[in-house]
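Written out below as structure tokens is the structure these notes cover.
The values are calculated or read from the model by the stated rules, or taken from the named source; none is laboratory data. What you are looking at is a predicted structure, and each value in this text was computed from that prediction instead of being measured. No Cβ is skipped: glycine too gets one built from the backbone with ideal geometry, and neighbour counts run over all protein chains shown.
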Amino acid sequence: MKEFVEGSHAIAEIVKSCQPGVISAYPITPQTHIVEDLAQIVADGKLNAQFVNVESEHSAASVVLGASATGVRVYTATSSQGLFYMQEVVFNIAGMRLPVVMTCANRAVSAPINIWNDQQDSLSLRDAGWFQIYAEDNQEAVDFHLIAYRLAEDKRVMLPVMVCMDGFILTHGMETVDLPEQDKVNKFLPNYKPLYKLDPADPMSMGLLADPDYYMETRFAIQETMRKSIGYLSEISKEFNDVFGRDYKDLLVEEYQLKDAEKVIVAMGSVCGTIKEVVDEQRAKGKKVGLLRIISYRPFPYARVYEALKDIPKVAVLDKAVSLGAYAPVAVEIKSTFYGKKKGPKVISSFVAGLGGRDITLETIHEVFRRLTVKEVNFDFVDLKPELLKEEYGE
Amino acid sequence: MFGPLIVKPINSKGDKTGSWRIQNRPHYLHKDCIACRMCLLICPEGCVHGKEKNAFWADYNFCKGCGVCADICPKKDIAMVSEESKGETKE
């Protein structure tokens, strides 16, 4: 059923359709309307779930960890500092192979305090063992939650999924969204049946000490599962298309006007809408430009990226995040995709834009295409205000 | 693929953690024991066994040599002896 709704509200509605048994979140800034709406839905009796109010994000993550270990479907949402406060538990959830689904409304991180959008929060947790899928618009964000539960609870996977959607731009943006009907959701997403669960009748321990004799295997198993999951993502997206009539190719990357393109931008998230606009504009003028959108950042689809970009001469990677002191998070993956390969772009330049909610306009994208020349640049900040920068602190 | 994820109760019982003991071990003298069970109750490893007077013993497969049994014994009937001392051998 199509509705004109706010992104956060759409997510709350789809989470309701997924019927989690336990929802826990800490509703402080930077939070979104997602859990606010879910709290209302539970209070109105429209969803038979326990909504656990906690005193911090660390506790929110701990509650969903514990609840998930007892074999119930769980949900939480956070962003930015809240996600960082969850960090310890975030690693635990993955290590214990619990199929938690979390929405990360991507926002900048302190200090200085900034509640606006960029992707530094989730990208800094890239090594946690969670799937990270980035939505371009609210329709995708809604659909990705269904796919996230299906993927996380797959018996071959059993890993948590972070659905990343750009804070404000998507979470507070109004769009027409096709909210899936309950019967279709039930068809696509069967009830969660855990592999193991905490049960007094059949006691067991989870996530306890693994000395050097055991630890490495737990890590290898996650790495191996992540690698294989690239195939599962394609498989599940096909099934999703059949049930809901959508058109997702494989949920790894989206290729936009890549055929015969000479200059291509690689990016993630909502900024891709803006880039597509510029690509269309340039293509109309006969310029050969394109876009490669990364959807799944973890696991990273190296093979698909290689296939998509191997014949492109110039590639610009546009990051909405920085890894301070190193190449930007997406750029480093694109560069490593082509290391030691015979084919590949002559130039892979890396650009950083839109940090802390600075708007990425059509002009920003034009500027990126202009700066993408034969000379490779790295972590080149676009739309920087040099007048705000000083060499020395104080007078 | 999964690594070692869960542990069922009693699984770790085969781990002979008594090898962690480095200095002293309790030596039950079996002279003045009144079977008060204090040593059995206070043992953090739960490795003291026995019911009758002068019949309590510590399982060295799990005893860490912390000495709280010797400390709490009201009759001073448990002595902490060096690992190197003769008599009972470390199992």
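Side notes on the structure shown:
- Residue in the range A:176-185 that is among the polar types (S, T, N, Q), crowded, with 20+ Cβ neighbours inside 10 Å and outside the structural domain of A:ALA331 (by TED's automatic domain parsing) present: no
- Look at the range A:192-208: where a residue is within 19 Å of A:LEU159 (Cβ to Cβ) and a partner is of a type in the set (Gly, Ala, Ser) and surrounded by 11 or more Cβ atoms within 10 Å (Cβ to Cβ), sitting 6+ places away or on another chain with Cβ atoms under 7 Å, you get A:PRO194/A:GLY71; A:LYS197/A:ALA69; A:LYS197/A:GLY71; A:LEU198/A:ALA69; A:MET206/A:ALA69; A:GLY207/A:GLY95.
- Out of A:THR218, A:THR225, sole residue that is β-branched (Val, Ile, Thr), under 19 Å from the mean Cα position of the chain (by Cα) and within 13 Å of chain B (Cβ to nearest Cβ): A:THR225
- Residue check, A:LEU195 among the hydrophobic types (A, V, I, L, M, F, W, C), loosely packed, with under 15 Cβ neighbours inside 10 Å, within 11 Å of chain B (Cβ to nearest Cβ) and closer than 20 Å to A:ARG73 by Cα: yes
- Counting only helices (runs of 4 or more DSSP H) wholly contained in the range A:270-361, the ones carrying 2 or more residues that are of a type in the set (Asp, Glu) and either within 30 Å of A:VAL109 (Cβ to Cβ) or over 17 Å from the mean Cα position of the chain (by Cα) (or both) occupy A:271-284.
Residues are listed down the side, and each one gets a yes or a no for (1) more than 14 Å from every other protein chain (Cβ to nearest Cβ); (2) within 23 Å of A:GLU88 (Cα to Cα):
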position: A:GLN132; (1), (2): yes, yes
position: A:GLU140; (1), (2): yes, no
position: A:PHE168; (1), (2): yes, no
position: A:SER205; (1), (2): no, yes
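- Failed item in (1) modelled with pLDDT under 95; (2) within 16 Å of the chain's Cα centre (by Cα), with A:LYS259 passing the rest: (2)
- Against the numbered list (1) within 14 Å of chain B (Cβ to nearest Cβ); (2) in contact with a Leu (Cβ under 7 Å, 6 or more places away or on another chain); (3) surrounded by 19 or more Cβ atoms within 10 Å (Cβ to Cβ); (4) not basic (Lys, Arg), A:TYR232 comes up short only at (3).
- Restricting the range A:276-308 to residues that are of a type in the set (Gly, Ala, Ser) and buried (at least 20 other Cβ atoms within 10 Å of the Cβ), the residue that is nearest to A:TYR256 (Cα to Cα): A:GLY290
- Complete set of residues in the range A:235-261 that are surrounded by fewer than 14 Cβ atoms within 10 Å (Cβ to Cβ) and under 20 Å from A:ALA316 (Cβ atoms): A:LYS259, A:ASP260
- Looking across A:ASP211, A:ASP242, one residue alone is of a type outside the set (S, T, N, Q), out of contact with any Lys or Arg (no Cβ under 9 Å at 6 or more places or on another chain), outside any helix (DSSP H, G or I) and free of Cβ contacts under 8 Å to residues at least 12 places away in the same chain. It is A:ASP211.
- Meets criteria (at negative phi and within 14 Å of chain B (Cβ to nearest Cβ)) for A:LEU151: no
- Residue selected from the range B:3-40 under the condition in contact (Cβ under 8 Å) with a residue 24 or more places away in the chain, assigned to a loop (DSSP other than H, G, I, E, B) and in contact with a Gly (Cβ under 9 Å, 6 or more places away or on another chain), by the criterion farthest from the other protein chains (Cβ to nearest Cβ): B:CYS33
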